[in-house]
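Below: the structure, in structure tokens.
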Amino acid sequence: MPRKTLLLEISSSSTVFRIADTKPPVVEVSETGEGTFNGMKLRTLYTVKVRPGKRVDRIDGHGIVYAQGGGRAPYKISGLEGAGPDFSEKIMGMWVFGPNCMGNLRELRNAKASFQTLVDSKGKSKTKVWRD
């Protein structure tokens, strides 16, 4: 089985929540973060809709990565979110980059990647993204 390659590491501390609907319940979550890609600094922004389930919540949304020195890479995000101890969360899923990645991030065109995000009880998160 091929080994996954770590693409991105991102730390976030700015998160905004909005109740989009109550029947059925839907929460929108937007987050900004900073990280690295091939030694370059980057910034990220995403918004997902969270649909609560009995055991895990389903997330779907869009994001974009901006690279220092120029470049952007939009992506779709989907996954599952589960509660951890002391109001922490673990989110796992997929990022699918679009065909319009450009500049220093053009190598991400059409790439599929898995991710894992750990959110602590204070709302700070760490995300790792691996190329599949």
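The values are calculated or read from the model by the stated rules, or taken from the named source; none is laboratory data. Values in this document were obtained by computation on a predicted structure and should not be read as measured data. Cβ placement follows ideal geometry from the backbone for every residue including glycine, while neighbour counts extend to all protein chains displayed. Please note that ligands, DNA and RNA were not included when accessible areas were found on the heavy atoms of the full protein model with its side chains. Shrake-Rupley method; radii C 1.70, N 1.55, O 1.52, S 1.80 Å.
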Quiz item: Among GLU34, GLU28, which is within 18 Å of GLN116 (Cβ to Cβ), open to solvent by 30 Å² or more (accessible area, probe 1.4 Å) and in contact with a strand residue (DSSP E or B) (Cβ under 6 Å, 6 or more places away or on another chain)?
Solution: GLU34
Self-check item: Identity of the residue in the stretch 65-97, open to solvent by 30 Å² or more (accessible area, probe 1.4 Å) and aliphatic (A, V, I, L, M), that ends up farthest from LYS128 (Cα to Cα)
Solution: ALA83
Quiz item: Can you spot a residue in the stretch 3-19 that is out of contact with any helix residue (DSSP H, G or I) (no Cβ under 9 Å at 6 or more places or on another chain), in contact (Cβ under 8 Å) with a residue 40 or more places away in the chain and not in a strand (DSSP E or B)?
Solution: yes
Quiz prompt | Evaluation of GLY33 against (1) in a strand (DSSP E or B); (2) without any contact (Cβ under 8 Å) to a residue 60 or more places away in the chain (one fails), failing number | solution = (2)
Exercise. Pairs only if they're at least six apart or on different chains, beta carbon under 6 angstrom, first in the stretch 43-70 and over 17 Å from SER30 (Cα atoms) and of a type in the set (D, E, K, R), second modelled with pLDDT of 95 or more and surrounded by 13 or more Cβ atoms within 10 Å (Cβ to Cβ); list them, first residue then second.
Key: none
Quiz prompt | Odd one out for ILE59, checked against (1) closer than 24 Å to LYS41 by Cβ; (2) crowded, with 19+ Cβ neighbours inside 10 Å; (3) among the β-branched types (Val, Ile, Thr) | solution = (1)
